[in-house]
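**Q** Here it is, the structure in full.
Coordinate-derived values only; no laboratory data. None of the values given here were measured: they were computed from a predicted structure. Cβ placement follows ideal geometry from the backbone for every residue including glycine, while neighbour counts extend to all protein chains displayed.
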Amino acid sequence: MKTKLTKQEAQEKIEEFFKKKSFVKEDVKKIKRLAMKFNIKLGKLRQNFCKKCLSQLKGKIRISKTHKTIECIHCGYKNKFKITEKINFR
Ligand SMILES: [Zn+2]
């Protein structure tokens, strides 16, 4: 795969990717690699996939004052996210 993307294009590609209703972990890996290459911070987009198994993140959600924890239905890993004002979870 030849990539002659600019950082802007890469960013758009990443955002576009996470707008999809479903994705597989292989694609998440590619997107993560792309982000790393361009030094793009995924920020809140990270809430779309499990930190451990990279599957699309679905599962039990627990919310505390400072954190939101989502237990991955695939591997059971508890993904902890800091709650910020600009939260945008789908
Ligand atoms: Zn998982």
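**Q** Take Cys50, Cys72 and order them by how many other Cβ atoms sit within 10 Å, fewest up front.
**A** Numbers: Cys50 25, Cys72 21.
Ascending number of Cβ neighbours within 10 Å: Cys72, Cys50.
**Q** Follow-up question, since we're still on this one. Quickly estimate the mean residue ellipticity at 222 nm for the chain, helices only: each DSSP H run with n ≥ 4 gives -39500 (n - 2.57), and the total goes over all residues, rounded to 500. Mind dumping the intermediate values first?
**A** On the way: 2 runs with 26 residues, N = 90.
Roughly -9000 deg cm²/dmol at 222 nm, from the helical runs in the chain.
**Q** Sequence gap at least 6, Cα distance under 8 Å: using those rules, report the relative contact order of the chain to the nearest whole percent. Could you put the intermediate results ahead of the total?
**A** Details: 99 pairs, mean separation 18.6, N = 90.
This gives 21 percent for the chain.
**Q** Hey, got a sec? Which chymotrypsin sites (Phe, Trp or Tyr not before Pro) in segment 8-90 land in a DSSP loop and have at most 12 other Cβ atoms within 10 Å? Before the final figure, lay out the partial values.
**A** Details: sites: Phe17, Phe18, Phe23, Phe38, Phe49, Tyr77, Phe81, Phe89; in loops: Phe23, Phe38, Tyr77, Phe89.
Sites meeting the loop and neighbour criteria: Phe89.
**Q** Treating the angle as unsigned and between 0 and 90°, give the value, to the nearest 10°, between the Cα long axis of helix 25-37 and the longest Cα principal axis of the chain.
**A** So the inclination is approximately 60 degrees.
**Q** Which GluC sites (Glu not before Pro) in segment 13-74 sit in a loop by DSSP (not H, G, I, E or B) and have at most 15 other Cβ atoms within 10 Å of their own Cβ? Numbers along the way, then the final one.
**A** Details: sites: Glu15, Glu16, Glu26, Glu71; in loops: none.
Hits after loop and neighbour filter: nothing returned.
**Q** Give the Rg/Rh ratio for the chain, taking Rg as the radius of gyration of the Cα atoms and Rh as the Kirkwood radius, to two decimals.
**A** Values: Rg = 13.7 Å, Rh = 13.9 Å.
On the Cα set of the chain, Rg over Rh gives 0.99.
**Q** Taking θ = phi - 60°, what integer Hz values does the Karplus form 6.51 cos²θ - 1.76 cosθ + 1.60 yield along segment 67-72, in sequence order, with x for Gly and Pro?
**A** Going residue by residue, I get 10, 10, 10, 10, 8, 5 Hz, with x marking Gly and Pro.
**Q** Next up: About the Cα centre of the chain, what is the dipole size in debye to 20, counting +1 per Lys and Arg Cβ and -1 per Asp and Glu Cβ, all else neutral? Before the final figure, lay out the partial values.
**A** Details: 28 positive and 8 negative charges, 52 e Å.
Magnitude of the dipole: close to 240 debye.
**Q** Now for a different question. Pick from Lys30, Lys41, Lys20 the residue whose mean-square fluctuation is largest in a GNM of the chain, springs joining Cα atoms under 10 Å.
**A** Between Lys30, Lys41, Lys20, it is Lys20 that shows the largest mean-square fluctuation.
**Q** Using only Cα atoms, tell me the angle between helix 7-19 and the longest principal axis of the chain; keep it within 0 to 90° and round to the nearest 10.
**A** 40
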